[in-house]
Amino acid sequence: MPGGQLSLSTNSVVEDESWLWIQIKAEARRDAESEPALASYLYSTILCHSSLDRSLSFHLANKLSSTTLVSTLLYDLFLNSFSTDPTLRSATVADLRATRARDPACVSYSHCLLNYKGFLACQAHRVSHKLWTQSRRPLALALHSRIADVFAIDIHPGAKIGKGVLFDHATGVVIGETAVIGNNVSILHHVTLGGTGKACGDRHPKICDGVLIGAGATVLGNIKIGEGAKIGAGSVVLKDVPPRTTAVGNPARLVGGRDQPSKHEDVPGESMDHTSFISEWSDYII
């Protein structure tokens, strides 16, 4: 029965969130014991809170507050959004898991929750996007501005982002208003998902599930990057990229050629394989 399936799915999400929160609190206790200088910080950001959504709301509110946009207002805004929307909480859990699994520099879930600005900016964006869809656009834009100021990441509140998304390093990422990012996507620093000029309407890239976009890549226009595709670092992409293919260069070209491009079996957004295409693409040797 559909209702039973929904209930089972909801229960699974709640259990996953509860398990992750237990892990995060255990990591925080361990770190507080090993580094007493952080004990007060870890208590106020994690250990004194009863749930992941409360901890995240508190941390984001303090990160993004200013003299005129106070932390208490932001805390209420974030907590109301996360506590009333299971899809936001599910996305947070998926993003935490993705970061921990894909980035070898991420030593713990609590490390990601507290210190990964790509993760924090993405969670704050989800709230600004919710406000945008509720026609609370002045507040969405004010929050967007604070996210850009604090984290150096510019994601328009109109952009749609799936779950299990990793913004690795994240500095300089720019994502336009009508961009869409699917699930299990990984995007590195200084990536631009932009328009081509003054065009109005639907004008930004559509990034399908499982895509990997390397550092400094620029993807422009209302084009589609197919499921499981890979965009090499520094590439400039102006045309659709087929699923499971690799586009590299400026302007970008498909590895293997346009007519019969090479295809890979893995999901690069999850495997984080940036360089396996090089032997086919170039005879460059150091």
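List of remarks:
- Within the stretch 157-186, the residues that satisfy the criterion of being within 25 Å of R137 (Cβ to Cβ) and assigned to a strand (DSSP E or B) are K160, I161, F167, V174, I175, V180, I181.
A quick yes/no check of all residues on (1) in contact with a Pro (Cβ under 9 Å, 6 or more places away or on another chain); (2) closer than 23 Å to S57 by Cβ:
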residue	(1), (2)
S145	no, yes
D149	no, yes
D154	no, yes
A179	yes, no
N184	no, no
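Condition check ((1) modelled with pLDDT of 95 or more; (2) surrounded by 17 or more Cβ atoms within 10 Å (Cβ to Cβ); (3) over 26 Å from D202 (Cβ atoms)) across all residues:
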position: N115; (1), (2), (3): yes, no, yes
position: A124; (1), (2), (3): yes, yes, no
position: S128; (1), (2), (3): yes, yes, no
position: R136; (1), (2), (3): yes, no, no
position: L141; (1), (2), (3): yes, no, no
position: S145; (1), (2), (3): yes, no, no
position: V150; (1), (2), (3): yes, yes, yes
position: D154; (1), (2), (3): yes, yes, no
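- In the stretch 83-112, residue nearest to L212 (Cα to Cα) [restricted to those that are in contact with a Ser or Thr (Cβ under 7 Å, 6 or more places away or on another chain) and crowded, with 19+ Cβ neighbours inside 10 Å]: C106
- Matching residues, the stretch 156-168, being buried (at least 19 other Cβ atoms within 10 Å of the Cβ) and either touching a residue at least 60 places away in the same chain (Cβ under 8 Å) or out of contact with any Ser or Thr (no Cβ under 9 Å at 6 or more places or on another chain) (or both): I161, K163, G164, V165, L166, D168
- Residue within the stretch 237-244 that is modelled with pLDDT of 95 or more, open to solvent by less than 30 Å² (accessible area, probe 1.4 Å) and either in contact with a strand residue (DSSP E or B) (Cβ under 7 Å, 6 or more places away or on another chain) or not assigned by TED's automatic domain parsing to the domain that holds H125 (or both) present: yes
The values are calculated or read from the model by the stated rules, or taken from the named source; none is laboratory data. All values derive from a computational prediction rather than experimental measurement. Here the Cβ is made from the backbone with ideal geometry for all residues, glycine too, and neighbour counts use every protein chain on show. All accessible areas refer to the heavy atoms of the entire protein, side chains included, with ligands and DNA or RNA removed. Shrake-Rupley method; radii C 1.70, N 1.55, O 1.52, S 1.80 Å.
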